[in-house]
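A quick write-up on the structure given underneath.
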Amino acid sequence: MPKNFTLSVLVLIPLAACSLVPKGYDPADPAAFAPMPHTYEGIRDGRGRFREISCAVVEARKEQEPHYESCDQALRNLGDEPVASGLAVSLGRAERALVAAFVPGIGWECFENWMKYNNEFGNPGFDLGYESLIFSIDGLSGSAHNGDQIRTQIIEKSSEFQPHSLVIIGYSKGINDALEAIVQYPEIHPYIAAVVSVAGAVGGSPLAQDIDENDLGLMKHIPDAACSDGDGKAVEALLPAARDIWMAEHQLPPEIPYYTLITLPEPEEVSNILHPSYRRLAKIDPRNDGQLIVSDQLLPDSTVLGYLNADHWAVAVPIAEEHPFIAGVFVDQNTFPRKSLAEAVLRYIEEDLRVTPETDLN
């Protein structure tokens, strides 16, 4: 196998031609382009309180956080955030036994071993009462297939979950897989406390229109890859037209609360490997993370928690730790306080659900 094979596969996902940011677009000034997702009808703006919680958590955990950044570095302020509440932030043991249930993105099982991934979402509350798990789903299958896998794993482990304890965190295509499970299998609803989209491909990505399923098959040749052939529908789950149809035909269960974290990096926070796709998406909208446009990341009827100053990979795909050369040259903006932000998400949701009684599953 050629030495540059892994790099070739890494370059596959952006799959975009080099081009300049269109004249007149200033990606550093997203407020100049309206509307922003937090202003959409039916959307709650939770940015003010989430910033308060994030700042408290990030500073309290700075000694344990492997990728410390201040909350002002990690969270972008577009100048129109709600005023801070001034309320105290609980940093003690969790009042509610929430489980951060992470649904990874496309190809995850293919490169998980190569990354030597050590669940950064594990113990996000630093043994403060929160738990975590990562759903095992096909890296190269469509959302319907993976949604079925999510449903199966929840039912198989149901005896381990308290009522309404799962906070399902869908990253990239993972949110589409999660929504499929939630819509198709109401029997899992009693276990779900909330659903969070993190850099979620809710509306798909224009980049998917230029990717073939056979291209994704190259991922099976990543060193230590353990991915299956899949059902040939992974790319379909990211096509904007397909996502528009799916969202129009399916109603998200209103009894489940939804939250959105959007990745909107400053240009200097975009890794070199994502520059081509960042520039290409900028022809449509400069407000993108190198893979997704900001507006395509929004979950309907959700609470927008914040705009993360991280590109699409930095928010959830740790490469720098095990592959410093690749990180230094290609994925050079890969550090982000992922662990602290995961705890902040759970603490926000715990506070938000405080008035919601836990009910019996029976």
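The values are calculated or read from the model by the stated rules, or taken from the named source; none is laboratory data. These figures come from a predicted structure and were not determined experimentally. For neighbour counting, all protein chains shown are included, and Cβ atoms are generated from backbone atoms with ideal geometry for every residue, glycine included.
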Report the residue count in segment 250-285 for those that are within 17 Å of Ser205 (Cβ to Cβ), more than 17 Å from the chain's Cα centre (by Cα) and not small (Gly, Ala, Ser).
10
Within segment 168-190, does at least one residue satisfy the condition of being in contact (Cβ under 8 Å) with a residue 60 or more places away in the chain, under 19 Å from the mean Cα position of the chain (by Cα) and more than 23 Å from Val235 (Cα to Cα)?
no
I'm trying to understand the selection: among the residues of segment 171-191, which are assigned to a loop (DSSP other than H, G, I, E, B) and surrounded by fewer than 24 Cβ atoms within 10 Å (Cβ to Cβ)?
Tyr185
Selection over segment 319-356 where residues are in a helix (DSSP H, G or I), at pLDDT 90 or above and of a type outside the set (D, E, K, R) yields a count of 8
The residue from Glu63, Glu59 that alone is within 22 Å of Phe336 (Cβ to Cβ), in a loop (DSSP other than H, G, I, E, B) and either of a type in the set (Asp, Glu) or modelled with pLDDT of 95 or more (or both) is Glu63
Out of Ile150, Ile137, Ile168, sole residue that is assigned to a loop (DSSP other than H, G, I, E, B) and buried (at least 17 other Cβ atoms within 10 Å of the Cβ):
Ile137
